[in-house]
Structures are given as C-alpha cells and as structure tokens.
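What follows is a single structure, written as structure tokens, with notes after it.
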Ligand code: NDP
Ligand code: GDR
C-alpha cells in the first residue's frame, strides 16, 4: 500500500486530495495544526476513529514553521509521496502579514525539502505553485515558460517555493513537481475568497438572512476551475515518468463581475441591488488578468478539466443554499 503525506490536509485541496488518494488505495497521513477550535470540518466525512479500526487516514500534529516536527514526521511515516499544500494562502491577507506569509509559504517549503534530505528517504514531492506567480501580465495566456512577476507577498513567497523545488530536483535528483495551478474553487472553498464569498452571500440573500454584500475590485479576471479536477492533476504529475512543472487551468477567463452576475441570476436576483464596494478589499497591487494554457498537462499527463464555469457556480450555490437552509432549520450538517 502506497503512503502519502499531505501538508494542508484540512484545507480545500487537501480534503479533495485525501479523498482521491483513499479511493486509490493509499494510506494517507495529514499534518494538522493545533487550533483552539476544531479545524478539520472538511475531512470529518473521511475521518476514521483510530480506536475503532486500522485507519487508512491518519492525522498528526505538526507545522511548516517547525522543522523538528517535519523531521520527526518524515522519519516515522516514510511516505512514498508528499504533497505540500500547506500555506498562508490568502493574497489580500499576505499584505497584512508578509513576514509570516514568507515563513510558512516560502520557508516552510525549504524546511520540508530539507527534512526529506535529512531523513534519507526518497519520496516523490509535489509543490503547490500558483498562477499568482505570473502576477503582472507578461504573456496571454500564461504557460510554463511565461516569466514570473509576482504582485503580492504571497506571490513572491510562492516564487521562492517554486524555484527551491526546482533547485532540489536538479541538485539532489529529487522527483519533485510543481503544479502551477490557476484559481480553483468548490463548495469547500474558504469563505473569504471571492467566489465563495459571493455564492454564500447570494444564498443567504435569497433566504432573507443577509441584505448586502461588500466586495472590492470587480474588474479582475480569473481562470476559475473546480478543485476536484485540479487535485487529480497533482496526483497525475507524481505518476509521470519524469518530474516536471505543469500549468493547470481551464483556458477561460471571467471577471469577478461576471461571476457575480451569473451567481445572482441563477437565484433570480439582481446583484446591483445588494452589492456595495468597500475599498478595504482592494489590494495595494492587483493581478488584473489570469488565463492559463494547460496544453502541456493535456499532452503529457492526459489531464483536462471537466467542470465548466457555469457548472461550478451551480454546484457552489446549491451547496451554500443547502448549508444555509440547514443553519436556518437548526440541522446544520457536513458540507
Ligand atoms: P487553504 O487556505 O484552503 O488551505 C491551506 C492549508 O494550509 C490549511 O490546511 C491550513 O491549515 C494549512 N496551513 C496553513 N499554515 C500552515 C502551517 N504553518 N503549517 C502547516 N499547515 C499550514 O488552501 P487551498 O486548499 O485553496 O490551497 C492549497 C494550496 O494550493 C496552498 O498552498 C495554496 O497557496 C495553493 N494554491 C491554491 C490555489 C487555489 O485556487 N485554491 C491555486 C494555486 C495554488 P489550517 O486549516 O489549520 O489553517
Ligand atoms: P486570488 O483569490 O487572490 O486570485 O488567490 P481571491 O478569491 O481572494 O480574489 C480573486 C479576485 O477577486 C477580487 N475581489 C475580492 N477578493 C476577495 N478575497 N474578497 C473580496 O471581497 C473581493 N472583491 C474583489 C480580488 O481583488 C482578486 O482580483 C487565490 C488563492 O487561492 C491563492 O492561494 C491562489 O494561489 C490563487 O487564487 C491562484
């Protein structure tokens, strides 16, 4: 049985990836952080009580900022594949906590890579790189060869993590891949990212429990896909013959305004009646346009996105309606 280790297992992608790997027969280990309240809601559905069975999903406390915890975890688990998804992943917040973002998102990656070297094991390694590394538009669409020009502390930290991964591949012959993933969303998306903020607010407005929605820049364009499709690409990269870097995207771009319009009109609502602009959501430097060319991933890995923009919106709105109705009825269930 193959063993995988996931950092960031409690996040959106970590939960979908854990489900995928379990379905493929892996033993899955996930690093979680100690928190004053429960932070494992996204993986509750697949959690197995270690007292009851021999579980194939195991959680262990650790932190990307704590090298000794990483060293110990690697020595103990000896995984065949490591997926480094842990990060301070919010772009706007990275302007408020730039140093912390660099600690986790940039240095956390080299800590993990060094832990691999020190443990003497030879796992395959996946790094969660981001389209935010492209930042200021240099080329349309963006592909693997497009120069990076990050526009936030988060983007800059991801550029470091990307290049250190490439360096460890070249210097130590590590089977390391960077997936340069464009925005991907789902009903499990964090509530403060713009798509989920919109679908959740629209559902709440429809049910009469919210009356306004405050947003920032509606003109930004993003290439939005479905997280479930994108975690499959992560796994495919580590099954390829050679380690390499891949852009993962839909090849379609939409403004935040279009996302807003389609979400509200799905619920027969006019977004202009509810949305107000609050400059606090503007970023000091913005990424205006992202659109990815994933043809290399299609050619080499056979990967293609399955869920369309319209289907993604429908899936997210329906899920938020379900959650909000359950809250209203006092029967809130798992997402
Ligand atoms: P989330 O923000 O949903 O999840 C981030 C995860 O990282 C959480 O499990 C979080 O734990 C964990 N984490 C944060 N800080 C630490 C730390 N110090 N040590 C260990 N774990 C930590 O992100 P997504 O699932 O959306 O994204 C996954 C990865 O992919 C991230 O690296 C993100 O930057 C990157 N990415 C995401 C894209 C997207 O569109 N979603 C696109 C491109 C890249 P906790 O739950 O305790 O906070
Ligand atoms: P992004 O996602 O910054 O692309 O990073 P986010 O959803 O936060 O922003 C997308 C665009 O929407 C605009 N926007 C708002 N954003 C938020 N969060 N809140 C608002 O109220 C709002 N109003 C307008 C933003 O200015 C931006 O242009 C995501 C994260 O998942 C990263 O970790 C990942 O690397 C990239 O996607 C690819």
Do you know which residues across the range 183-195 are assigned to a helix (DSSP H, G or I) and either touching a strand residue (DSSP E or B) at 6+ places or on another chain (Cβ under 6 Å) or within 7 Å of ligand 1 (Cβ to nearest atom) (or both)? 195
Exactly one condition in (1) crowded, with 21+ Cβ neighbours inside 10 Å; (2) more than 16 Å from ligand 1 (Cβ to nearest atom) is false for residue 126; which is it? (2)
Exactly one of 121, 180, 198, 140 is surrounded by 21 or more Cβ atoms within 10 Å (Cβ to Cβ), touching a residue at least 12 places away in the same chain (Cβ under 8 Å) and outside any strand (DSSP E or B), and that one is 198
Residue that is farthest from residue 188 (Cα to Cα), among those in the range 13-61 that are within 14 Å of ligand 1 (Cβ to nearest atom), out of contact with any strand residue (DSSP E or B) (no Cβ under 8 Å at 6 or more places or on another chain) and touching a residue at least 24 places away in the same chain (Cβ under 8 Å): 20
Conditions (1) over 15 Å from the mean Cα position of the chain (by Cα); (2) surrounded by fewer than 21 Cβ atoms within 10 Å (Cβ to Cβ); number of the one not met by residue 90: (1)
Qualifying positions in the range 105-132 - within 17 Å of residue 233 (Cβ to Cβ) and within 16 Å of ligand 2 (Cβ to nearest atom): 126, 127, 128, 129, 130, 131
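Scan the range 141-158 for residues that are under 25 Å from residue 299 (Cα atoms) and out of contact with any strand residue (DSSP E or B) (no Cβ under 7 Å at 6 or more places or on another chain) and report the count. Let's see the steps before the verdict.
Step one: of the range 141-158, the residues under 25 Å from residue 299 (Cα atoms) are 141-148.
With out of contact with any strand residue (DSSP E or B) (no Cβ under 7 Å at 6 or more places or on another chain) added as a condition, the list becomes 145-148.
Counting residues in the range 141-158 that are under 25 Å from residue 299 (Cα atoms) and out of contact with any strand residue (DSSP E or B) (no Cβ under 7 Å at 6 or more places or on another chain) gives 4.
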Can you tell me which residues in the range 149-173 are crowded, with 19+ Cβ neighbours inside 10 Å and outside any helix (DSSP H, G or I)? 150, 151, 152
Please determine whether any residue of the range 285-295 is within 14 Å of ligand 1 (Cβ to nearest atom), within 21 Å of the chain's Cα centre (by Cα) and not in a loop (DSSP other than H, G, I, E, B). yes
Select from the range 247-265 the residues that are in contact (Cβ under 8 Å) with a residue 40 or more places away in the chain and outside any helix (DSSP H, G or I) and list them in ascending order. 247, 248, 249, 250, 251, 252, 254
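So in the range 216-230, with the set limited to residues that are within 12 Å of ligand 2 (Cβ to nearest atom) and either touching a helix residue (DSSP H, G or I) at 6+ places or on another chain (Cβ under 6 Å) or part of a loop (DSSP other than H, G, I, E, B) (or both), which one is farthest from residue 274 (Cα to Cα)? Reasoning before the result, please.
Going residue by residue through the range 216-230, those that are within 12 Å of ligand 2 (Cβ to nearest atom) are 216-225, 227, 230.
Among the residues that remain, those that are also either touching a helix residue (DSSP H, G or I) at 6+ places or on another chain (Cβ under 6 Å) or part of a loop (DSSP other than H, G, I, E, B) (or both) are: 216-220, 223-224, 227.
Values: 216: 14, 217: 16, 218: 14, 219: 17, 220: 20, 223: 25, 224: 23, 227: 28 Å.
Restricting to residues being within 12 Å of ligand 2 (Cβ to nearest atom) and either touching a helix residue (DSSP H, G or I) at 6+ places or on another chain (Cβ under 6 Å) or part of a loop (DSSP other than H, G, I, E, B) (or both), the top hit is 227.
Since every read-out is calculated from the coordinates, none of them should be taken as a lab result. Being a predicted model, the structure only gives us computed values, none of them experimental. A quick note on method: Cβ atoms are made from the backbone with ideal geometry, for glycine too, and the neighbour counts reach across all protein chains shown.
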